[in-house]
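Notes to accompany the following structure.
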Amino acid sequence: MKSAENFVDLPANVSMGVLRRKVWQLAWPSIGEFSLLLAIGLSDVFLIGHISKEAQQKLGYDNASALAATSAGQFFNWTMNAVFMAISIAATTLVARSIGSGDRPRAAIFARHAILLAIGTGLIMTVLALFGGKAFIFLLGAEGQLVDLGYLYLGTTAFGLVFNALLVSSNGAIRGSGDTRTPLLIMICVNITNIVVAWLLINGQFGLPLLGIRGAAIGAISGWAIGAILAVTRLLGLWPGLKHSQTIRVQFNLHPQLEYIKEMVRIGLPTFGEQMVFQTGLFFFARFVIGLGTVAYAGHSAIINIDSASFLPGMGIATATTVLVGQCLGAGRPALAERYTVAAWQMGLVFMGIMGLFFVFVPEFFLRLLVENETVVAEASLPLRIAGLFDPALATAFILIGALRGAGDTKWPMYARLLGTWGLRVGLAALFIGLFQWGLVGSRLAMGLDSVAVALFIYWRFRSGRWKQVWADKKARTGPASFAKTGPANLVPVAPAPLDD
């Protein structure tokens with residue numbers, strides 16, 4: 001396997017073109033990974049939506065019930081995923097910082113603690129899903145058979161939540177080391193496994209049991225399990241060809257060290273808060289849109305799926321920015337971290353700006369790719385144009401939040417979400433939809449102004465430069481002994497980059 005790329009040992013006057021190429025090296029695999037995550041959801045919807053008529057009669061429920069039940073169960077898993085993402089982002093930030101400072105043993109210790117935290121939180125979420133899942137689905141508004149079917153999916157996937165936690169958290173640690181290609185390869189395996197197993201079991205292909213919703217859940221568990229095994233064995237150094245070229249190697253040790261746990265919680269807890277603020281805001285916002293009727297809600301769903309395509313480059317570039325900022329600050333090069341962020345921001349504005357222009361000028365083309373109903377297309381065309389206009393603001397928010405995360409400055413993205421989601425999106429939805437009766441146009445304006453507010457808030461924090469001091473302040477408080485260089489003797493440390501900033 002190719003040795004790890006050095007992203008921090010660059011001259012102070014390196015050109016922006018070189019920096020953009022470096023960003024792209026990390027970003028394109030992450031874009032592919034996020035695309036595969038989107039593909040998992042779309043493939044599950046497709047397979048569940050194509051349960052055969054014969055299978056429906058045997059199972060006792062139709063496609064519509066199966067789709068609604070699966071969505072209800074997935075909503076719980078998405079909510080719990082906020083915990084796993086918090087661990088993942090903490091792992092990415094702290095591993096990247098340790099790699100940048102030339103301390104690979106410490107990076108390996110943070111990766112090990114990401115695994116330990118994933119196991120612990122995964123077990124807790126399993127218990128919550130098994131004993132509280134049915135009540136959760138009921139609170140979502142499901143009734144009768146839908147509650148039982150939703151719990152059938154959720155109760156089955158509960159047994160795979162530890163695998164999901166390990167997959168998400170371990171991939172975060174791998175990314176922090178500067179390796180974004182391995183998570184992409186892992187997610188390819190996850191997708192293939194999920195699709196094949198679900199396809200075989202949903203309709204009972206080749207004489208296998210006809211399981212319907214439970215088959216989709218087993219497909220998800222199988223994908224998570226394969227992904228978790230691959231990611232953890234990668235961190236343990238068990239993949240062929242890793243002996244001399246791996247970035248970090250984790251030692252098998254189940255004994256946690258409190259100082260590392262505290263540091264990961266310090267980084268991860270605000271991220272968890274940010275995700276929960278966003279998810280709960282989406283829940284209440286969706287209630288306003290649902291009240292507009294079936295056609296408007298169908299249009300809203302179509303716009304969300306279409307606009308997600310423009311999010312993928314921004315999310316991938318944001319992930320690369322997190323890694324690069326973390327490594328640069330670890331190496332004592334804050335000016336290079338800032339230049340990387342500007343280069344990434346420029347790329348994000350171009351990619352998402354171009355996609356936004358397509359939505360502005362030819363919205364009907366994209367809508368007809370998903371929806372055959374011309375009434376829905378007509379309802380959603382102007383709102384999709386409005387969505388496209390705000391894509392540059394979304395690019396700014398994605399990428400600058402990625403920079404702050406790389407610096408460990410995770411509280412400010414949470415504050416931004418509080419301001420945007422609850423301060424604007426939900427309130428403006430009540431005003432534009434409930435009072436002014438602007439319908440779907442009002443919903444997109446509320447979402448767009450939320451994006452602008454978050455982008456401006458995060459830009460202000462980024463321009464202040466205070467994010468560069470977060471790691472330095474932490475070291476000053478804890479002292480150098482808090483994270484002593486300890487780790488496997490066979491790891492060769494990398495010399496720190498020169499302090500030119």
Exercise for the section: May I ask you to say which residue of GLY326, GLY268 is buried (at least 23 other Cβ atoms within 10 Å of the Cβ) and touching a Gly at 6+ places or on another chain (Cβ under 6 Å)? Expected result: GLY326
Practice task
Please find, among GLU274, GLU338, the residue that is among the charged types (D, E, K, R), within 21 Å of GLY102 (Cα to Cα) and in a helix (DSSP H, G or I).
Solution key: GLU338
Problem - Filter result for the condition that a residue is β-branched (Val, Ile, Thr) and either assigned by TED's automatic domain parsing to the domain that holds LEU336 or at pLDDT 90 or above (or both), over VAL492, VAL426 - result: VAL426
Problem - Single match in ARG234, ARG249 (criterion: assigned to a helix (DSSP H, G or I), buried (at least 21 other Cβ atoms within 10 Å of the Cβ), touching a helix residue (DSSP H, G or I) at 6+ places or on another chain (Cβ under 9 Å) and at negative phi) - result: ARG234
Handout entry: Within segment 108-139, tally of residues that are surrounded by fewer than 15 Cβ atoms within 10 Å (Cβ to Cβ) and either at pLDDT below 80 or outside any helix (DSSP H, G or I) (or both)
Key = 1
Exercise for the section: Kindly indicate whether LEU400 is modelled with pLDDT under 90 and buried (at least 22 other Cβ atoms within 10 Å of the Cβ). Expected result: no
Handout entry: segment 395-431, residues that are of a type in the set (A, V, I, L, M) and not in a helix (DSSP H, G or I)
Key = ALA407
Exercise for the section: Might you check whether a residue that is assigned to a helix (DSSP H, G or I), surrounded by fewer than 21 Cβ atoms within 10 Å (Cβ to Cβ) and either of a type in the set (Asp, Glu) or out of contact with any Phe, Trp or Tyr (no Cβ under 9 Å at 6 or more places or on another chain) (or both) occurs anywhere in segment 161-180? Expected result: no
Problem - Answer from ALA318, ALA302 - the residue that is outside the structural domain of ILE89 (by TED's automatic domain parsing), within 30 Å of LEU19 (Cα to Cα) and touching a Phe, Trp or Tyr at 6+ places or on another chain (Cβ under 9 Å) - result: ALA318
Completion exercise
Selection over segment 1-57 where residues are in contact with a Leu (Cβ under 6 Å, 6 or more places away or on another chain) and modelled with pLDDT of 80 or more yields a count of 7
Exercise for the section: Would you mind finding the one in ALA331, ALA337 that is of a type outside the set (Val, Ile, Thr), crowded, with 24+ Cβ neighbours inside 10 Å and touching a Leu at 6+ places or on another chain (Cβ under 7 Å)? Expected result: ALA337
Practice task
Give segment 352-378 a look and list any residue that's in contact with a Ser or Thr (Cβ under 8 Å, 6 or more places away or on another chain) and crowded, with 17+ Cβ neighbours inside 10 Å, or say none.
Solution key: MET352, MET355, GLY356, PHE359, PRO363, LEU367
Practice task
Working carefully through the options LEU418, LEU382, LEU394, find the one that is assigned by TED's automatic domain parsing to the domain that holds GLN275 and within 18 Å of the chain's Cα centre (by Cα).
Solution key: LEU394
Exercise for the section: Among residues belonging to segment 277-315 that are in contact with a His (Cβ under 9 Å, 6 or more places away or on another chain) and assigned to a helix (DSSP H, G or I), point out the one that is surrounded by the fewest Cβ atoms within 10 Å (Cβ to Cβ). Expected result: ILE290
Fill in the blank from the handout: Per the list (1) over 26 Å from the mean Cα position of the chain (by Cα); (2) within 26 Å of ASP307 (Cα to Cα); (3) modelled with pLDDT of 90 or more, residue check on LEU440 breaks on (3)
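The values are calculated or read from the model by the stated rules, or taken from the named source; none is laboratory data. As the structure is a prediction and not an experimental result, all values here were calculated from the model. Because the Cβ atoms are built from the backbone with ideal geometry, glycine has one as well, and the counts that use them run over all protein chains shown.
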